[in-house]
Ligand code: SAH
C-alpha cells in the first residue's frame, strides 16, 4: 500500500499518472486528503467510482482512530490517544489559548533519547511517524473539535531531530498553500539538542521556531537529566541555536523544566544567566511534571518564582509556562504509558471529562 498522505502534490501527480489517470485527479485527491480531511476514498464523490476502487487497492490514507479523549475540567485541554493502523498508540493535545488553538503532536511512537524525567522514553522507541501520521493528528482534531488550529508545537512524544526527513516534510506540507496553509511562524519544533541536525535544520529555509530543551546550565547536571548531554556539550547546543538564529532570524526558545533540588538552585540560575546573557532567546520555565516511574519532584512555587525573578533581574527574557491539562496526564507520554500498562484504566472510545 502506498502512503499517499505523506506525498507532496508533485509526488501525488506522478502516482496518479502511474495509475493511468489524468493529472488533475491529483489535485482533487490532495484536496480531499489535506483540506477536507477525508477518512475514506468513498467520500471522494467527485472521483469516478472505478478510480476510488483502484485507490483503495493501492493506497492507504492512514487515518487515525481515537482510542480515548480526555477533557480537562480545569482549562478545556483535550488529550487524544490515537491508534495507528499498525497498532501503535500516540498522544496529541489540543489547547485553547487567547491567541488561538494549539495542537501538540507526537513525532515518534515512544522515544530513544532517555531523558530521566520523561514518560515517553520509558518503553524506548517503537518507530518514527510518517509525515501523514503527523498531519493526521491535526486533521483528526480539527474535525473532532470543529475548531481552527492556528498553532502547532512538535513537543509531544519523540525527538523530532531523530525523525528529521519526515519532520521537514511535515512542515512543508502543513504550511503549503495546497494544504492547511499554516504559517510557519506558528510552528515550534522542540529538540533535546542533536547538534548536527539542528544545524542542518537551520539550512532548510524554514521560518519555524526552534526550542532547545536545556534543563540545566552546567554539563554535569544536564548529563544527569539527559543522556544526549554526553554526546554534545551545552556550548555546542547553544552555538547551534545561535547558528539557527543567524540563518533564519528566528529567536530560539529554551525549555527549562524545574526539578526540586537538582536544577532550581540560585547557583544554577546564576550559571544560566552567564550562559544566556549575551545570547538572543527566551526561557520557558515549567515545574517538572512528576511521572510515577521517576522519582524527581517538581520545584515548589516559591522556588519557581525565585528562579524566574533572578533571571529577570539580570535581563533574561523568561516566562513560567502555564500548565495545561495537569489533571489529564498532561506530560509527554503519560497517557500512552498508562494505556500500555493497563488498557482498562483508560475508558476506550469515549470522551472522558475529568
Ligand atoms: N524530544 C523533544 C520534544 C519533547 S517534549 C525535546 O526533547 O525537546 C517537550 C518538552 O517537555 C521537552 O522540553 C521535554 O524535556 C519536556 N518534558 C518531558 N517530560 C516532562 C515532564 N515530566 N515534566 C516537564 N517537562 C517535561
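Only the coordinates and a few stated rules stand behind these numbers; no lab work does. What you are looking at is a predicted structure, and each value in this text was computed from that prediction instead of being measured. Reconstructed Cβ throughout: ideal geometry from the backbone, glycine too, with neighbour counts over all protein chains shown.
Can you tell me which of 160-170, 77-87 comes out highest on packing, and rank the rest after it, using the mean Cβ neighbours within 10 Å?
Numbers: 160-170: 20.9, 77-87: 18.1.
The most tightly packed comes first, giving 160-170, 77-87.
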Suppose R0 equals 35 Å; then what is the FRET efficiency for residue 319 and residue 199 from their Cβ-Cβ distance, rounded to the nearest 0.05? 0.85
Pseudo-spin-label distance residue 2 to residue 43, built 7 Å along Cα→Cβ, given in nm, is 2.1
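As a test of understanding, state the convex hull volume per residue of the chain from its alpha carbons, in Å³.
134
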Residue-averaged 222 nm ellipticity for the chain, from DSSP H runs of 4+ at -39500 (n - 2.57), nearest 500: -10000 deg cm²/dmol
So if I restrict to the alpha-carbon atoms in segment 121-240, what is the Rg, and what is Dmax, the biggest pairwise distance, in Å? 15.5, 47
Quick check: the angle from helix 234-248's long axis to the longest principal axis of the chain, C-alpha only, nearest 10 degrees? 50
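What ranking, highest mean first, results for peptides 129-136, 235-242 when packing means the other Cβ atoms within 10 Å averaged over each residue?
Working: 129-136: 25.6, 235-242: 18.8.
Put in order of decreasing packing, that is 129-136, 235-242.
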I'd like the distance between the alpha-carbon centres of segment 264-289 and segment 219-253, rounded to an integer number of Å. 13
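Give the percent of DSSP beta bridges with both residues in the chain that are antiparallel, rounded to the nearest 5. If you can, show how the numbers build up before the last one.
Details: 21 of 48 bridges.
In the chain, approximately 45 percent of DSSP beta bridges are antiparallel ones.
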